[in-house]
Amino acid sequence: MRIGILGAGGMADALGTQWARAGHEVMISGRDADRAAARAAAMTAEAGAPAGAAGGVRAGSWTDAAAFGDVVMVAVRAAGIVAVLEEAGTAMRGKPVIDVTNAPGPDKYDPARPLANLISDLTGGHVVKAFNLCNVDVWRMTPPVFDGRPLAVPLCGDDSAAKESVGRLVADLGCTPVNGGGLDRATLLEATAAFVIGLWFGGADAQAILPPLASSGSHQPA
Ligand SMILES: NC(=O)c1ccc[n+]([C@@H]2O[C@H](COP(=O)([O-])OP(=O)(O)OC[C@H]3O[C@@H](n4cnc5c(N)ncnc54)[C@H](OP(=O)(O)O)[C@@H]3O)[C@@H](O)[C@H]2O)c1
C-alpha cells in the first residue's frame, strides 16, 4: 500500500517506520523539505528498507504526500491542520484519511470543534479516527503488547472500506482493530484522549479505571 503522511514529526516517524518495515511505501511531508528528507532517510534505515526501494520512506510536499497515498494520514499539530490541509489540496477526496490528531493539551479539548469533522470537511476524504489514544512511544513498540494482550485500536469512521484498510494497517503493528462506530463517535475518541491524558499527567494509571469485559455488566446486542 502507498501511505502518504501529512507530518514529519513523532507520529509520522513512529507509524511510518512501522509501515515501511511491513513493506508499505511511505511518503512523509513537513514545512521544511530538508528536515523532512533527513527524517525520511532515518526512517528508511530504521525500517531496514533499502533507500529508494518499495518499502522505503521518501519525503515530499504536503500536496505530494496527499497525492501519493492510497491512504493518507493527517499527523500534524492541531494548530496546523487548516493551513496544511488547504495547502495539500483536493487529492484526498474519496480516499481513506487517517486522523491521529488531538487537542494541544487535555485542558484544550473543545467538544464543539471536533478535529475529525474539520479534517473530513477540509479533505472530502473517508476519515477514520485512530491511533490518538496512545503516546508516540507506544506506536514504536514492535509489537505494542501489554501483559500479553495486544493493544486494541478503536477506529471511528463512516466508510467501511476505509475502515478495513486502516484495520489492516493496525494489524501490521501487531495491534487489534476495534470498530468504534461512525465519524460522529470520533469526538468521543478525542474526549477520551483528553480525559486519559489528564489522568496520566496527574500520575494516575488510566488503564486501571475500566473493568474487563466479563465484569462490564450485561449487554443486549443492538
Ligand atoms: N506525540 C504523541 O504522543 C501523540 C499521540 C497521539 C496523537 N498525537 C497527535 O498527533 C499529531 C502529531 O503529533 P506529533 O507528536 O507527531 O507532533 P510533532 O512531532 O510536534 O510534529 C508535528 C507535525 O505537525 C507539523 N505542523 C504543521 N503545521 C504546524 C504548526 N502550525 N505548528 C506545529 N506543527 C505543525 C510539523 O511540521 P514540521 O515537520 O515542519 O515541524 C510536524 O510535521 C498531533 O495532532 C498530536 O496531538 C500525538
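The values are calculated or read from the model by the stated rules, or taken from the named source; none is laboratory data. None of the values given here were measured: they were computed from a predicted structure. Cβ placement follows ideal geometry from the backbone for every residue including glycine, while neighbour counts extend to all protein chains displayed. Surface areas here come from the heavy atoms of the whole protein model, side chains and all, with no ligands, DNA or RNA. Shrake-Rupley method; radii C 1.70, N 1.55, O 1.52, S 1.80 Å.
Of all accessible surface on region 2-209 at a 1.4 Å probe, what whole percent is carbon and sulfur? Here carbon and sulfur together make up 53 percent of the probe-accessible area. Positive contributions from Lys and Arg (+1) and negative ones from Asp and Glu (-1), summed over other residues with Cβ under 14 Å from the Cβ of GLY167, come out at 0. Averaged over its residues, the chain has an accessible area of 50 Å² per residue, based on protein heavy atoms and a 1.4 Å probe. Legend: P(r) of region 83-148 from all alpha carbon pair distances, 10 Å bins from 0, whole percents, reading 18, 41, 30, 10, 1.
In terms of the mean number of neighbouring beta-carbon atoms within 10 Å, the peptides 134-140, 144-150, 60-66 order highest first as 60-66, 134-140, 144-150. Each of MET141, GLY203, ALA193 was scored by the projection of its Cα onto the charge dipole of region 131-222, and the greatest displacement toward the positive side belongs to MET141; charges sit on the C-beta of Lys, Arg, Asp and Glu. Rounded to the nearest 10 square angstrom, ASP158 shows an accessible area of 120 square angstrom against a 1.4 Å probe. Along each principal axis, taking the top coordinate minus the bottom one, the Cα set of region 2-209 gives 46, 38, 31 Å in descending order.
Roughly speaking, what is the stretch gain from LEU210 to GLU87, that is 0.36 nm per residue apart minus the C-alpha to C-alpha distance, in nm to one decimal? Present the calculation step by step, with values, prior to reporting the outcome.
Details: separation 123, 0.36 × 123 = 44.28 nm, distance 4.12 nm.
Result for the pair: 40.2 nm of gain on full extension.
Taking Lys and Arg as +1 and Asp and Glu as -1, the other residues whose beta-carbon sits under 12 Å from that of GLN207 total -1.
The protection proxy used here, the mean number of other Cβ atoms lying within 10 Å of each residue, ranks peptides 7-16, 178-187 as follows, highest first: 7-16, 178-187.
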